[in-house]
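Okay, so here's the structure we're looking at.
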Amino acid sequence: MIAYRDDYRPHLDEARDLYRASTLGERRPVDDNTRFSAMLAHANLIITAWDGAVLVGISRCVSDFVWTTYLADLAVRVSHQRRGIGKELIRRTQAAAPQAKILLLAAPAAERYYPHIGFQPHPQA
């Protein structure tokens, strides 16, 4: 059973482990403690997914909660992918700021994932 939380900001090592296990760590400064901890500290909307005591997913956002939510990171451990965790993280992100639209930049490896769960590409962005 996966538990979701919006009341907990992961510790640096928990987040680093998740990012590496999701492959997002290849594109984020996970080894730069100052930058990576600032990324976590300055996000104002974080939803996490837990399998017991193990952090298995995160939605890390910057939002004004009424117009735009920038989904900076969506990460799910490779071992836990294809179970709907990413989709549920996005659903809960939208529920936390229901008036705001979600914007994101998809990594090339994830471009085919987002249309599958209802996102539409915008060539202007």
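The values are calculated or read from the model by the stated rules, or taken from the named source; none is laboratory data. Remember, predicted model here, so these are calculated numbers, not experimental data. Every residue, glycine among them, receives a Cβ derived from its backbone with ideal geometry; neighbour counts consider all protein chains shown.
Against the definition (β-branched (Val, Ile, Thr) and without any contact (Cβ under 8 Å) to a residue 24 or more places away in the chain), how does THR68 come out, yes or no?
no
Condition test on PRO98, is it free of Cβ contacts under 8 Å to residues at least 40 places away in the same chain and farther than 23 Å from ALA3 by Cα?
It is false that PRO98 is free of Cβ contacts under 8 Å to residues at least 40 places away in the same chain and farther than 23 Å from ALA3 by Cα.
Does LEU12 satisfy being without any contact (Cβ under 8 Å) to a residue 40 or more places away in the chain, farther than 17 Å from GLN81 by Cβ and either touching a Gly at 6+ places or on another chain (Cβ under 8 Å) or surrounded by fewer than 16 Cβ atoms within 10 Å (Cβ to Cβ) (or both)?
yes
Pairs only if they're at least six apart or on different chains, beta carbon under 6 angstrom, first in the range 82-93 and over 12 Å from ASP6 (Cα atoms), second outside any helix (DSSP H, G or I) and of a type in the set (Gly, Ala, Ser); list them, first residue then second.
Taking only residues 6 or more apart or on different chains, the pairs are ILE85/ALA49; ILE85/GLY57.
In the range 23-61, how many residues are out of contact with any Leu (no Cβ under 9 Å at 6 or more places or on another chain), among the hydroxyl-bearing types (Ser, Thr, Tyr) and in contact (Cβ under 8 Å) with a residue 12 or more places away in the chain?
Number satisfying all stated conditions: 1.
Here's the yes/no breakdown for (1) in contact with a strand residue (DSSP E or B) (Cβ under 6 Å, 6 or more places away or on another chain); (2) closer than 30 Å to PRO123 by Cβ; (3) modelled with pLDDT of 95 or more; (4) surrounded by 17 or more Cβ atoms within 10 Å (Cβ to Cβ):
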| site | (1), (2), (3), (4) |
| --- | --- |
| ALA3 | yes, no, yes, no |
| LEU24 | yes, yes, no, yes |
| ILE47 | yes, yes, yes, yes |
| ARG60 | yes, yes, yes, yes |
| THR69 | yes, yes, yes, yes |
| ARG91 | no, yes, yes, no |
| ALA100 | yes, yes, yes, yes |
| LEU105 | no, yes, no, no |
| ALA110 | no, yes, no, no |
